[in-house]
Every structure is written in structure tokens, then in C-alpha cells.
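In what follows, a single structure is set out as C-alpha cells and then discussed.
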Amino acid sequence: MSIIQDLEQMRDEAVGAIDTATDLSALDAVRVAYLGKKGSLTSILRGLGALSAEERPAVGKVSNEVRQSLEAALGARHAVLDAAAMQAKVSADAVDVSLPGRRRLPGREHLIEQIRREVIDVFIGIGYRIAEGPQVELDYYNFEALNQPADHPARGLADTFYVRDLSGDEAAVTGESDVLLRTHTSPVQVRVMESEKPPIYVLAPGKVYRRDVADPSHLPQFTQIEGLVVDEGITFADLKGTLDHLCKEIFGHDRRTRFRPHFFPFTEPSAEVDVSCGICAGEGCRFCGGTGWLEILGCGMVDPNVFGYVGIDPERYSGFAFGMGVERIAALKYDLPDLRMLVEGDMRFLRQF
Ligand code: DAH
């Protein structure tokens, strides 16, 4: 077979390979196989020198034609494959506007936080400001200056978490520490009266701690909101009006309040406040234990002995105080059967509010 026939056969093979290459890298492999440095056509061209002077022009001419037709075929196939690759990329990246969107659950305030804010808003609205105190508190503020004598049962180890200094202080290790986790927000009253002169209108929300086992109506850590007013001419009527306003704002304007005599060491007289049951409207049902009323907070007129600890003149000033549990208010407002639901973090429950 003549060299020219070889060249023509090679061209036919090469064009076939080019036309059947399925992607750009396969096409490039064909190009290298024929036109690369070690390619078939290249080696034939290298061998031209060995031909006789008569053969050389004809073979040279056909070689050039073969190269040109391969290059043309490569170029054409490249354009086709390039367009196909671009098309594939475009359809892979395309956005399917008919797909449903991804659902996002918006964050929101925890129910405890919502109630806390609602109560704060009511009091900010009538001119109170917010006060704060430490959660790790001194016995003096938590008990003593609140007129709670040393033998008062609430001071017993049963209710209070004491903070021990383990660095070697014997008294602390035996449980007589004077540092504790506050059992109520009332110590903030003492701190405010110590550092400010009347008129005082403050609200003190915060965490409190008690050595209780969690059950439907107890939590070892919960939230209280304390209120304190000290001014000239403050009477029990001011206290009643203020708390009645609070209950109507929080529970609804159809609800009534009643004040029952009670005892707290730091107020005299003292009372517990009930709000009429929202389920039976005061008729008596299982939710309110048949009484028609739900207990929601403690309150009273600031005891003159407490004024004595902070140097406020009880002849000139009088005041009232109150304290409520936020978790309990949440439970009463939303008929929750168990306070623990509020702290378990179950989203199926919390999402309802
Ligand atoms: N500190 C009381 C408690 O934790 C609640 C309380 C009652 C607060 C009467 C007061 C008050 O300010 O006047 O049970």
C-alpha cells in the first residue's frame, strides 16, 4: 500500500474518532493521538525526508491536506461539544421555581419571658423603674433586714441553698454560711432603700432559688417580680388599686381581685391576693379547687422595722411591697397543669405561645 493510501486511511479513521468523541477531553485525546508530538500524522511527516525526490511533493501535499481536514473536523466537533457542555452546566444550575420553599421557624420569646415583659410593661406604664440585685445574696439582705428573725422557719436549711466557701472556713463548711442563693426577690427592696431616698417606685424581676424538688407546683429555680413603693401618704388603698390594675391588665378586664389577710415578716399588715377564676368566672370549678379564686401574689405595707434597717423615717414615709411568681402567673393565665412544662424546653409545647 502506498504511503498516500496510508495517509488517506488514517484520515478516515481520525475523522471517525473525532465525530464520535463524546466530550471535550475525549476529543483532545484524539487530537493528541494524531496531531500531537508523537501522533500518527506527525511521525509520517517526520519520515518525509527519507522519501525520494519524486515522491516527496505529492506525499507532502496529501499530508497537508490531511492535517487541514483533521484540524477542521476537530474545530467543528469542539464547537458542538463545547455548546453541549455549556448547556449541561446551565441546566444543572437552574433554579426550579416550582419547588416548595424551605420552612423557617421564627424565634420568639419564651413564655416566662413574655409574662415577665407584660408585667414590666404594666408598671413602666405607671412610672416605675427597674431595679436589680444579686442572685448570690447575703443572709442580711435575704432575711435579717427583712425582719426575719434568726429562728424563722424560712431560714432553715430545708428551703435555702447556702453557698459554701470551700477554701477552709470552718463555719461555712458546717452550713452556717452567710452567703446564699436568694430565696425571693425581696432583698432587692432592702438594697434599693439603702441606696435611694423616697419617693421610690421600683420593680425588681429576677431568678430565685429554693431547695424544692420539682413537681407540678414547685421548681427549684423560678422567676419572681418584686414591687416596692415608698412615698409620703401611701396607703393600703394604693396597694389595692395598683394590684387590681395589674391583674386586669394581665388576665383581662372581666377578672376581679380579693385580698386575704396573711403574714409576711417584712410587711404589716400583709395580704395574699387572689384573682377570680377565669375558667368558671368565680363559680367554683376543678381548676380553682371549687373556691372561684386563684392565689397569685403576696403583698403588704412595708413593716416599720424594715424602714429601721435602711434608715427611712416611718413617721414621714409609708410604703407597700408585693411579690409574685412569674411561672405561676403563666400557669394560671394559660391553664398549665404542671410548672415543669415551662422549663423542659419541649418545642411542641412552647410553640403554642
Ligand atoms: N417574698 C415573698 C415570697 O417569696 C413574696 C412577697 C410577699 C413579697 C409579700 C413581698 C410582699 O414584697 O410584700 O413568698
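The values are calculated or read from the model by the stated rules, or taken from the named source; none is laboratory data. Quick caveat, the model's predicted, so the values are computed rather than measured. All Cβ positions, even for glycine, are placed from backbone atoms using ideal geometry, and neighbour counts span all protein chains on display. Accessible surface areas use protein heavy atoms only, side chains included; no ligands, DNA or RNA. Shrake-Rupley method; radii C 1.70, N 1.55, O 1.52, S 1.80 Å.
Calculate the spin-label point distance for Gln135 paired with Arg348, positioning each point 7 Å from the Cα along the beta-carbon direction, and give it in nanometres.
Each label point is offset 7 Å from its Cα along the Cβ direction, giving 2.9 nm.
Give the aspartates and glutamates whose C-alpha is closer than 18 Å to that of Lys37, dropping any in the same chain fewer than 8 places away, or say none.
Result set, ordered by chain and number: Asp28, Glu71.
Counting only heavy atoms of the protein chains, get the accessible area per residue of region 3-92 (1.4 Å probe) and round it to a whole Å² value.
Result: 62 Å² of accessible area for each residue.
Enter the accessible area per residue of region 312-353 (Å², integer; probe 1.4 Å; all protein chains in place).
For region 312-353, the solvent-accessible area averages 52 Å² per residue.
Per residue, how big is the convex hull around the C-alpha atoms of the chain? Give it to me in cubic angstrom, could you?
In the chain, the Cα hull volume divided by residue count equals 312 Å³.
When the Cα atoms of region 3-92 are enclosed in a convex hull and the volume is divided per residue, what value in Å³ results?
69 Å³
With the Cα gyration tensor of region 59-124 giving a ≥ b ≥ c as the square roots of its eigenvalues, does the rule (a/c under 1.5 for rounded; else a/b larger than b/c for prolate; else oblate) give rounded, prolate or oblate?
Since a/c reaches 1.5 and a/b is larger than b/c, the shape of region 59-124 is classed as prolate.
So for the pair Asp159, Asp12, with labels modelled 7 Å out along Cα→Cβ, what separation do we get in nm?
According to this spin-label approximation, the distance is 10.9 nm.
Per the 1.4 Å probe, what fraction of the accessible area of the chain, in percent, lies on carbon and sulfur atoms?
53 percent
So, for region 199-291, what is the accessible surface per residue at a probe of 1.4 Å, expressed in square angstrom?
In whole numbers, region 199-291 has 47 Å² accessible per residue.
If R₀ is 51 angstrom, what is the calculated FRET efficiency for the pair Ala214 and Ser91, using the beta carbon separation as r and rounding to 0.05?
It comes out at approximately 0.30.
Which parts of region 1-35 would a label at Ser69 reach, counting a residue when its backbone N lies under 18 Å from a point 7 Å out along Cα-to-Cβ?
Answer for region 1-35: 2-21, 31, 34-35.
Show that you can apply the helix-only estimate: for the chain, add -39,500 (n - 2.57) for every DSSP H stretch of four or more residues, divide by all residues, and state [θ] at 222 nm to the nearest 500.
-12500 deg cm²/dmol, from helical runs alone.
R0 = 45 Å: FRET efficiency of Ala29 with His110, Cβ-based, nearest 0.05?
0.10
Give me the extension gain from Glu55 to Lys248: residue separation times 0.36 nm, minus the current Cα-Cα distance, reported in nm with one decimal.
Gain on stretching Glu55 to Lys248: 58.0 nm.
Using modelled backbone amide H atoms (1.01 Å from N, in-plane), which distant-in-sequence or interchain residues come within less than 5 Å of Glu137's amide H?
Those lying under 5 Å, H to H, from Glu137 are Leu180, Leu181, Arg182.
Using a 1.4 angstrom probe with every protein chain in place, what is the largest-first accessible-area order of Glu54, Glu268, Glu8?
So the residues, ranked largest to smallest area, are Glu54, Glu268, Glu8.
In region 232-247, whose amide N lies under 18 Å from the spot 7 Å out along Cα-to-Cβ of Glu315? List them in ranges.
232-234
Suppose R0 equals 56 Å. What FRET efficiency, 1/(1 + (r/R0)^6) with r the Cβ-Cβ distance, do His262 and Arg102 give to the nearest 0.05?
After rounding to 0.05, the efficiency reads 0.55.
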